[in-house]
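The values are calculated or read from the model by the stated rules, or taken from the named source; none is laboratory data. Note that the structure is a prediction, hence the values are computed from the model and not measured. Cβ placement follows ideal geometry from the backbone for every residue including glycine, while neighbour counts extend to all protein chains displayed. Keep in mind that these areas ignore ligands, DNA and RNA; they rest on the heavy atoms of the full protein, side chains included. Shrake-Rupley method; radii C 1.70, N 1.55, O 1.52, S 1.80 Å.
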Amino acid sequence: MTIETYEPQVIAAQPIGAWTGQVYRLLVVEGLRGQLAVEGLTQPHWWTLNHTAGRPGGWTRTALIERLTPYDDQDTAFDAVFDDLIARGWLTEDAAGALTLTEQGEAGRLRARERNLKVNERAHEGIGTDEFVTTVNVLRRMVANLGGNGNLPA
């Protein structure tokens, strides 16, 4: 889609919240969450799958809830998410409480990942790496200026 060109002062006067809100709704709510739903997943399921894949046996429920809660805007009952993934056979929990992704869970995660990559590719069409990096750095600075954590997630 072609978008109009405007003078820099017109762009500079735009409300950032309106634009970031639209991106959030179109990319995250409609795009990514919509694709996760194809697999019967929510965004908190997705976060759980990715964290446990990245650190097998390195997360307990408590630690993962603490890690994920700041990103949650859905008042998620994370124990229910963990229980659902365990019931599906996608996640295991050992006697010490360590969570590990199963082969089925990894297969489901990869299917969802492919769908999400397509949404992200569409969102990034016509945007160069330098433009994207500048945009993220500007948003990071704004977050820090407003008292949030502008660092990348660990």
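Tabulated data for the structure shown
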read-out	value
The chain - mean residue ellipticity at 222 nm from DSSP helices (-39,500 (n - 2.57) per run, n ≥ 4, rounded to 500)	-17500 deg cm²/dmol
Cα-centred dipole magnitude for the stretch 95-154, charges only on beta-carbon of K, R (+1) and D, E (-1), debye, nearest 20	180 debye
Probe 1.4 Å, all protein chains present, accessible-area order of Met142, Met1, largest first	Met1, Met142
Three-way shape call for the stretch 97-141 based on the alpha-carbon gyration tensor, with the a/c threshold at 1.5	oblate
Cα pair distances of the stretch 65-154 binned at 10 Å [whole percent]	13, 27, 35, 22, 3
Sequence ranges 145-153, 86-94, ranked by mean other-Cβ count within 10 angstrom, highest first	86-94, 145-153
The stretch 29-78, Rg to Rh (Cα coordinates; Rh as Kirkwood inverse mean 1/r)	0.98
Label-point gap, in nm, between Asp130 and Glu39 - each point 7 angstrom along Cα→Cβ	3.5 nm
Asn50 versus Ile16: modelled label distance in nm, points set 7 Å from Cα along the beta carbon direction	2.2 nm
Estimated FRET transfer efficiency (Tyr6, Asn145; beta-carbon r; R0 22 Å; 0.05)	0.35
Efficiency of FRET between Asp83 and Val28 - r from beta-carbon atoms, R0 30 angstrom, step 0.05	0.80
0 to 90° range, to nearest 10: angle between helix 78-88 axis and the chain longest Cα axis	60 degrees
